[in-house]
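A short write-up of the structure that comes next.
The values are calculated or read from the model by the stated rules, or taken from the named source; none is laboratory data. This one's a predicted model, so the numbers in the text were calculated from it and none came from an experiment. Backbone-built Cβ (ideal geometry, glycine too); neighbour counts: all protein chains shown.
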């Protein structure tokens with residue numbers, strides 16, 4: 001049996017619509033947030049969970065972390081049913097919401113952490129060593145006496161991570177952890193997550209809209225849309241399916257006045273660069289290169305990988321999300 | 001034991017948070033004093049105009065008013081998490097955070113807020129109690145002190161229980177329900193005065209549905225040697241237990257309701 005087992009998970013919400021003119025009662029509408037999701041996760045896995053807004057990602061995370069009770073279906077996390085023995089379950093998990101703080105706003109970080117120590121009933125020695133380890137890994141040392149409200153977004157996210165890992169959870173949920181972060185903070189955060197996963201074998205389940213996060217962290221991705229699981233597997237497999245066009249930029253010296261290629265390749269110019277996008281299955285790359293070489297003397301040539309965000313957008317379109 | 005420690009530490013932290021903005025804190029504390037002082041002025045004016053209310057002397061009225069003020073504002077001070085903060089916790093999604101921690105939910109809700117500004121209201125209540133006790137020339141004995149302590153404790157339990165009704169509504173509809181305020185704030189305003197001055201429907205409301213009369217008026221009237229409806233002494237000790245009953249029932253209902261909690265968007 002896997003570490004996390006989810007079978008046929010369903011959850012519906014009733015949403016009350018705005019009252020229409022002339023009618024006395026508001027109409028109710030049932031929204032199926034999850035329409036029977038099944039998956040399993042092994043201990044120590046790094047799993048990316050993607051899907052457009054409203055796909056049911058957060059609902060899944062909330063059920064797995066014991067906040068919500070599903071309508072039907074079974075969940076077992078290391079043998080525990082999250083919503084049945086909530087207190088026992090949450091002792092072993094950590095959750096970070098990108099847009100919701102779990103620390104106290106006006107007091108220094110150290111005070112927040114020390115209160116968390118009491119909440120989780122951590123032994124003093126254990127707490128001290130773990131805090132030291134985390135503050136080093138997250139470079140929080142100089143910030144421990146600063147109130148949360150004075151921290152920048154990047155610092156705050158690191159502080160949140162530290163708070164949610166103090167009790168050494170075996171499973172960590174991250175809900176859009178890199179939202180609003182600058183490039184340096186994002187990279188640091190990713191490094192830290194990889195470190196935590198490698199060092200402590202922490203299972204990490206990450207929801208995000210940032211494809212770079214997924215590419216950097218998660219060997220395995222799950223795509224969710226309209227409450228259903230659409231894909232579960234290797235990120236590269238997913239990309240290959242939708243990665244149909246490639247782009248090549250070529251510069252000639254001396255520059256040439258015209259470039260004639262088969263119709264399946266689209267040619268455009270930007271300054272002295274020729275930009276060619278083509279589909280390898282219609283025009284093999286080898287054939288394209290020989291055509292380009294025949295046209296003149298190539299000074300430089302770059303093959304750009306397709307922007308991962310465009311791929312995902314194409315995928316959502318194709319899957320009608 | 002650890003729970004009490006956690007509560008006290010949370011309180012300390014929250015008070016330090018509030019003192020981060022000292023001017024605001026002291027101004028609001030002052031405002032509370034003016035507000036509750038005004039309530040007491042109303043009672044003084046009633047007494048001044050009518051001299052007495054039914055069988056009750058001015059001193060008795062101060063004593064009833066004091067009991068209610070002390071109970072209500074102690075509850076608002078230490079139970080702020082339930083009485084004021086809960087709708088915010090639900091709407092902002094902070095309740096999710098609490099559900100992610102290995103502690104009882106109500107414990108954490110209570111640990112989430114404190115309102116030290118109410119201390120001035122409690123002080124007004126205590127003043128009214130002392131004044132009422134002097135004017136009614138109460139001869140304090142151990143059983144009377146015990147009845148008083150029980151009445152205040154159970155009063156707090158009852159008020160917390162009534163505010164939990166609101167909390168349950170909030171879980172289902174996310175918006176707070178004003179109707180419930182009729183029981184809580186309405187109950188406070190009405191039961192500052194002894195229940196027997198009211199017509200029958202209100203007497204039933206405040207004796208059975210929201211038993212302020214059982215919790216406060218029965219023991220207080222006995223302490224002042226003018227037992228309500230001439231009831232025997234043991235009722236002064238048994239009737240207030242209805243406060244604990246209301247709280248107990250509402251705690252159970254609350255935990256049933258939380259299973260239907262639906263959280264807010266991410």
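Of all residues in the range A:51-63, those that are outside any helix (DSSP H, G or I) and either within 8 Å of another protein chain (Cβ to nearest Cβ) or out of contact with any helix residue (DSSP H, G or I) (no Cβ under 6 Å at 6 or more places or on another chain) (or both) total 4.
Tell me which strands (runs of 3 or more DSSP E) are completely within the range A:227-321 and hold 3 or more residues being surrounded by 15 or more Cβ atoms within 10 Å (Cβ to Cβ), or say none if there are none. Lay out the reasoning, then the answer.
Numbers: elements: A:228-234, A:246-252, A:266-270, A:273-278, A:298-304.
Answer list for the range A:227-321: A:228-234, A:246-252, A:273-278.
Taken together, the residues in the range B:1-23 that are more than 8 Å from every other protein chain (Cβ to nearest Cβ), surrounded by fewer than 11 Cβ atoms within 10 Å (Cβ to Cβ) and part of a helix (DSSP H, G or I) amount to 3.
In the range B:43-108, counting only helices (runs of 4 or more DSSP H) that sit wholly within it, the ones holding 3 or more residues that are within 14 Å of chain A (Cβ to nearest Cβ) span B:86-92, B:94-99.
Restricting attention to the range A:87-104, does a residue exist that is touching a helix residue (DSSP H, G or I) at 6+ places or on another chain (Cβ under 9 Å), over 20 Å from residue A:200 (Cα atoms) and assigned to a helix (DSSP H, G or I)? The answer is no; no qualifying residue exists.
Scanning the range A:1-59 for residues that are surrounded by fewer than 15 Cβ atoms within 10 Å (Cβ to Cβ), modelled with pLDDT under 85 and under 30 Å from residue A:194 (Cα atoms) yields a count of 2. The residues listed here are A:219, A:169; of these, the one that is at negative phi and either away from every other protein chain (no Cβ under 14 Å) or in contact with a helix residue (DSSP H, G or I) (Cβ under 6 Å, 6 or more places away or on another chain) (or both) is A:219. Within the range A:102-123, does at least one residue satisfy the condition of being under 24 Å from the mean Cα position of the chain (by Cα), crowded, with 18+ Cβ neighbours inside 10 Å and more than 8 Å from chain B (Cβ to nearest Cβ)? Within the range A:102-123 (the criterion being under 24 Å from the mean Cα position of the chain (by Cα), crowded, with 18+ Cβ neighbours inside 10 Å and more than 8 Å from chain B (Cβ to nearest Cβ)), the answer is yes, since at least one residue qualifies. Any residue in the range B:114-126 that is within 14 Å of another protein chain (Cβ to nearest Cβ) and touching a residue at least 24 places away in the same chain (Cβ under 8 Å)? Checked the range B:114-126: at least one residue is within 14 Å of another protein chain (Cβ to nearest Cβ) and touching a residue at least 24 places away in the same chain (Cβ under 8 Å).
Say whether the condition of being facing another protein chain (nearest Cβ under 10 Å), without any contact (Cβ under 8 Å) to a residue 40 or more places away in the chain, buried (at least 22 other Cβ atoms within 10 Å of the Cβ) and assigned to a helix (DSSP H, G or I) is met by at least one residue in the range A:64-76.
If we filter the range A:64-76 for residues that are facing another protein chain (nearest Cβ under 10 Å), which is where we start, we get A:65-69.
Now restrict to residues that are without any contact (Cβ under 8 Å) to a residue 40 or more places away in the chain: A:66-67, A:69.
Then drop every residue that is not buried (at least 22 other Cβ atoms within 10 Å of the Cβ), which leaves A:66-67.
Checking which are assigned to a helix (DSSP H, G or I) leaves us with none.
No: the range A:64-76 contains no residue that is facing another protein chain (nearest Cβ under 10 Å), without any contact (Cβ under 8 Å) to a residue 40 or more places away in the chain, buried (at least 22 other Cβ atoms within 10 Å of the Cβ) and assigned to a helix (DSSP H, G or I).
Here is a yes/no grid of residues against (1) more than 30 Å from residue A:15 (Cβ to Cβ); (2) touching a residue at least 60 places away in the same chain (Cβ under 8 Å); (3) not in a helix (DSSP H, G or I):
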site: B:168; (1), (2), (3): no, yes, no
site: B:172; (1), (2), (3): no, yes, no
site: B:185; (1), (2), (3): yes, no, no
site: B:188; (1), (2), (3): yes, yes, no
site: B:193; (1), (2), (3): yes, yes, yes
site: B:205; (1), (2), (3): yes, no, no
site: B:214; (1), (2), (3): yes, no, no
site: B:250; (1), (2), (3): no, yes, no
site: B:254; (1), (2), (3): no, yes, no
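Filter the range A:77-87 down to residues that are buried (at least 21 other Cβ atoms within 10 Å of the Cβ) and free of Cβ contacts under 8 Å to residues at least 40 places away in the same chain and give me whichever is nearest to residue A:36 (Cα to Cα). Can you show your working first?
Just the residues of the range A:77-87 that are buried (at least 21 other Cβ atoms within 10 Å of the Cβ), to begin with: A:77, A:82, A:86.
Subsequent filtering for residues that are free of Cβ contacts under 8 Å to residues at least 40 places away in the same chain retains A:82, A:86.
Working: A:82: 17, A:86: 22 Å.
Among them, the one singled out is A:82.
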